1. Which residue, of 2, 63, is under 19 Å from residue 141 (Cβ atoms), at pLDDT below 95 and in contact with a helix residue (DSSP H, G or I) (Cβ under 7 Å, 6 or more places away or on another chain)?
2. Filter region 104-125 down to residues that are within 18 Å of residue 184 (Cβ to Cβ) and surrounded by fewer than 18 Cβ atoms within 10 Å (Cβ to Cβ), then give me how many there are.
3. Counting only residues that are assigned to a loop (DSSP other than H, G, I, E, B) and touching a helix residue (DSSP H, G or I) at 6+ places or on another chain (Cβ under 8 Å), which one in region 89-108 is nearest to residue 130 (Cα to Cα)?
4. Among the residues of region 3-12, which ones are part of a loop (DSSP other than H, G, I, E, B) and surrounded by fewer than 16 Cβ atoms within 10 Å (Cβ to Cβ)?
């Protein structure tokens, strides 16, 4: 049976926890936070979903082909120094894709006003540690090729093995593609990683 990350865990500055799906105010706050990610549409072409949080809370989240809702986990990120634990970020995970020992980070978003303070880095690092502790062999994330800040972020945080590409074949203003990165690359002495892998394009 696949093991899920804990319902609540911490980093030095942040608390990451599942939210109460029956709490309408919490769902509304998380949806408003999610909608702050709309600026990324210029990089990945996705449309902000007006019911993203509701779908996940109601067991209708997007899962891989043949996937199961019980493997999908959405958690809110809050600063530990905030006694009200107002959400500053979202973390969506799928456990066991594309392999049983793979943890897939479907979405990590930190409120733009909180970006640059190290919370994202702490979340990425601690998430990877927890996954290894649960027996996962790798963590994966798909990053839009036009999203240079995210590419730099994930590569700096150990996601250096390119496993797959998908999307449009030619570059253009309305063309989009993603690069899937993994923590399972073979690192060399200088900290670089092999980039072998398969391509969808």
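The values are calculated or read from the model by the stated rules, or taken from the named source; none is laboratory data. Note that the structure is a prediction, hence the values are computed from the model and not measured. Cβ coordinates were reconstructed from backbone atoms using ideal geometry, including for glycine residues, and neighbour counts include every protein chain displayed.
1. Numbers: 63 fails: at pLDDT below 95.
Residue meeting the stated conditions: 2.
2. 1
3. At the first step, the residues of region 89-108 found to be assigned to a loop (DSSP other than H, G, I, E, B) are 96-101.
Going one step further and asking which of them are touching a helix residue (DSSP H, G or I) at 6+ places or on another chain (Cβ under 8 Å), we end up with 96-97.
Working: 96: 14, 97: 16 Å.
Checked region 89-108; the qualifying residue nearest to residue 130 (Cα to Cα) is 96.
4. Of region 3-12, the ones part of a loop (DSSP other than H, G, I, E, B) are 3-7, 11-12.
Of everything in region 3-12, those that are part of a loop (DSSP other than H, G, I, E, B) and surrounded by fewer than 16 Cβ atoms within 10 Å (Cβ to Cβ) turn out to be 3, 6, 7, 12.
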